[in-house]
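Undergrad: Take a look at this one; I'll ask things after.
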Amino acid sequence: MRRKRSSVMTPQEQLALLSGDAIVVETEDQLLEKLKSGRPLRIKYGADPSAPDLHLGHSVPIRKLRRFQDLGHQIIFIIGDFTARIGDPSGRTKTRPMLSPEQIEQNAKTYAEQVDLILDIDKCEIVYNSAWLAPLGSAGLFELASHYTVARMLERDDFSKRLEKETPISLVELLYPLIQAYDSVAIKADVEIGGTDQTFNFLMARDIMRAYDLPPQVVMTWDLLVGTDGREKMSKSVGNYIGIAEPAQEMYGKLMSIPDDAMGQYYRLLLDKTTEEEAELMADIAAGKLHPKGAKSALAKEVVACYHDPQAAEAAAAEFERVFAEGKLPSDIPEVAVPPDKLDAEGRIWIIDLITTAGFASSNGAARRFVRQGAVRLNDEPITDETLAVQVRGGEVLKVGKRRIAKLVVS
RNA sequence: GGAGGGGUGCCCGAGUGGCCAAAGGGAGCAGACUGUAAAUCUGCCGGCUGAUGCCUUCCGAGGUUCGAAUCCUCGCCCCUCCA
């Protein structure tokens, strides 16, 4: 996995390394030209200051940035503080809350800390787009808007779909791509990278840059990582995400829960494999050469090792086998306190009350359902009587479903 | 400015006076099974109630009615077409 330094890598080699797994490169020729210049290229990446908790979906473009950085290019993170302050009334994400400068500052800081897990943040330039968007003023904005037409704007897939489906499109949304494009002008970007959902915006920036007499940026996009459900793109609001700062155990477990079909994409996007390598992996599994579980486990371990270390990954895998394949209790069980006043004179507590007290059910009704469905065990004894009062002295192990386990403590 | 359509549970979406705690799908959860927290199948999926009912829900506020998600009035919000 050792890479040659950029000084000894030819522009052609760099190109192959950088674009081997990209979906869109507009255009390879222009990228090659820029690489041939020998100067460090300015790589633009727009960071969303409203999402400080990074997940593996975010990690994909950041990993690509890392490759550029390793080759000696300059990464520029643009914090969209200007746009965040305006808020985003985009239809599907409800109205994004407006953020105060303090919140943005805080988010940017946590963002940088997490990005640092993947690349060297100290070598990156971090800029706020309010720096050039605020002074732009309405005159500047009008000039900017004069370089594009509504018809071309509506070509964007998202807009045309929403127009068709009769969901609202606010006027500022139409302005967003324009403003984003202007960011490229302001920082004189050579390359902009991101998810395929940004393709339109990135391409439009090329037009806008030309309008401002700048050479157009090269656009590179990668497909969006699907979430653990294997269907929708990974996102916090959908709840199908794996955070890059999550504990190894959690990360491994979530990776094991992705559908088999999603393995290929994870393999390519999270471990920097080429499309060919992805196809090979999937073919081997289909042909029976590779066991799907083994492949998934290997994948999960590698990904976990990126954010923790190989030992932690191995431990997580071993623990997973123990708990889910062998059905044993986890080696490390969190403790849950049962307040003494919940217990009656004989030191007993109603099982339903115990489950909700432990935080395993959001309501008594939910707790009853668990009991009825045979999901509850106390010291490995199945509990099926929802009227039962159980003795609690401390040390008992309460299990509700496969993943909710706690050791009871009276205090 | 004119005309019309619409706001239902986490999401989508039926329901147009009682049979509605509200169809169906998705998500989620549980059980079985397995190769995993995959897939598949089955069940659950507002709250309270140590099981019998009770309570609070269908944008908001009023009203009609024995009875309203369903009808009326006034708000708020969204969409389409014409201008």
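Undergrad: Sort A:142-153, A:35-46 by the packing proxy (mean of other Cβ within 10 Å over each peptide's residues), most packed first.
TA: Those peptides, ordered most packed to least, come out A:35-46, A:142-153.
Undergrad: Determine the dipole magnitude for the stretch A:295-362: charges of +1 sit on the beta-carbon of Lys and Arg, -1 on that of Asp and Glu, nothing else is charged, the reference point is the Cα centre, and the result goes in debye to the nearest 20. Can you show the working numbers first?
TA: Numbers: 6 positive and 12 negative charges, 43 e Å.
Taking the Cα centre of the stretch A:295-362 as origin, the dipole is about 200 debye.
Undergrad: Let me have the 222 nm mean residue ellipticity of chain A computed from DSSP H runs of 4+ only, each contributing -39500 (n - 2.57), with the sum over all residues rounded to the nearest 500.
TA: Taking each H run of at least 4 residues, the total per residue is -13500 deg cm²/dmol.
Undergrad: I would also like to ask the following. Need the full-extension length gain, A:R210 to A:E13, defined as separation in residues times 0.36 nm minus the C-alpha distance. One decimal, nm.
TA: 68.1 nm
Undergrad: Sticking with this one: Can you tell me how much longer the chain between A:K402 and A:V238 gets when fully stretched, taken as 0.36 nm per residue apart minus their C-alpha distance, in nm with one decimal?
TA: 56.8 nm
Undergrad: Now for a separate question. Which residue fluctuates most in the GNM of chain A (Cα springs below 10 Å): A:V238, A:V371, A:V127?
TA: Between A:V238, A:V371, A:V127, it is A:V371 that shows the largest mean-square fluctuation.
Undergrad: Quick one: if the Förster radius is 51 Å, what FRET efficiency do A:D332 and A:E125 give, using the C-beta to C-beta distance and rounding to 0.05?
TA: Efficiency, rounded to the nearest 0.05: 0.75.
Undergrad: Now for a separate question. When you take every Cα atom in chain A, what is the radius of gyration, and what is Dmax, the widest Cα pair distance, in Å?
TA: Rg, Dmax (Cα atoms, Å): 25.8, 84.
Undergrad: What is the angle, in °, between the Cα long axis of helix A:199-211 and the longest principal axis of the Cα atoms in chain A? Nearest 10 is fine, range 0 to 90.
TA: 20
Undergrad: Show me, for the stretch A:397-407, the HN-Hα J-couplings you get by feeding each phi into the Karplus relation (A = 6.51, B = -1.76, C = 1.60, θ = phi - 60°), rounded to Hz, glycine and proline as x.
TA: 10, 9, 10, 10, x, 7, 10, 9, 9, 8, 9
Undergrad: Also, I was wondering about something else. Taking amide H positions as placed 1.01 Å from N in the peptide plane, with prolines and chain starts having none, which residues 5 or more places from A:Y128, or on another chain, fall under 5 Å of its amide H?
TA: A:I79
Undergrad: How charged is the neighbourhood of A:A211? Take every other residue with its Cβ under 13 Å from the Cβ of A:A211, and add Lys/Arg as +1 and Asp/Glu as -1.
TA: Counting the neighbours of A:A211, the net charge comes to 0.
Undergrad: On a 0 to 90° scale, report how tilted helix A:275-286 is relative to the longest principal axis of chain A, with both axes built from alpha carbons and the result rounded to the nearest 10.
TA: 30
Undergrad: If you add up the charges near A:T275, with Lys and Arg at +1 and Asp and Glu at -1, over every other residue whose beta carbon is less than 11 angstrom from its beta carbon, what do you get?
TA: So the environment of A:T275 carries a net charge of -4.
Undergrad: Let me ask something else about it. How many lysine pairs does the stretch A:143-267 hold where the Cα atoms are under 26 Å apart and the two sit 8 or more places apart or on different chains?
TA: 6
Undergrad: Based on the alpha-carbon gyration tensor of the stretch A:103-164 and its eigenvalue square roots a ≥ b ≥ c, which shape applies: rounded if a/c is under 1.5, prolate if not and a/b is larger than b/c, or oblate?
TA: Because a/c hits 1.5 or more and a/b fails to exceed b/c, the stretch A:103-164 counts as oblate.
Undergrad: On to the next question. Taking a cut-off of 16 Å between Cα atoms, list the lysines near A:K273, but don't count ones fewer than 8 places away on the same chain.
TA: A:K64, A:K296, A:K301
Undergrad: Follow-up question, since we're still on this one. Projecting each Cα onto the charge dipole of chain A (Lys/Arg +1, Asp/Glu -1 at the beta carbon, about the Cα centre), which of A:F370, A:A151, A:P339 comes out farthest on the positive side?
TA: Comparing the listed Cα positions along the dipole, A:F370 ranks first.
Undergrad: Here is a follow-up. Who wins for biggest fluctuation among A:T275, A:T387, A:T221 in a Gaussian network model of chain A, springs between alpha carbons below 10 Å?
TA: Most flexible of the set in this elastic network: A:T387.
Undergrad: Still on this structure, I have one more. For chain A, set up a Gaussian network in which alpha carbons nearer than 10 Å are linked by springs, and say which option among A:P382, A:P247, A:P61 fluctuates the most.
TA: Its mean-square fluctuation being the largest, the pick is A:P382.
Undergrad: I need the phi-derived Karplus couplings for the stretch A:332-342: 6.51 cos²θ - 1.76 cosθ + 1.60, θ = phi - 60°, integer Hz, Gly and Pro marked x.
TA: Values, residue by residue: 10, 9, x, 8, 10, 8, 10, x, x, 6, 7 Hz.
Undergrad: Let me ask something else about it. Counting Lys and Arg as +1 and Asp and Glu as -1, what is the net charge of the other residues whose Cβ lies under 13 Å from the Cβ of A:F202?
TA: With Lys, Arg at +1 and Asp, Glu at -1, the neighbours total -3.
Undergrad: Against the longest alpha carbon principal axis of chain A, how many degrees, from 0 to 90 and to the nearest 10, is the axis of helix A:56-70 turned?
TA: The helix A:56-70 is inclined about 50 degrees to chain A.
Undergrad: Per-residue HN-Hα couplings for the stretch A:387-395, Karplus 6.51 cos²θ - 1.76 cosθ + 1.60 at θ = phi - 60°, whole Hz, x for Gly and Pro?
TA: Those phi angles translate into 9, 4, 10, 10, 6, 10, 10, x, x Hz.
Taken together, the values in this text are just the output of simple stated rules run on the coordinates, not laboratory data. Worth saying up front: this structure is predicted, and the values here are computed from it rather than measured. All Cβ positions, even for glycine, are placed from backbone atoms using ideal geometry, and neighbour counts span all protein chains on display.
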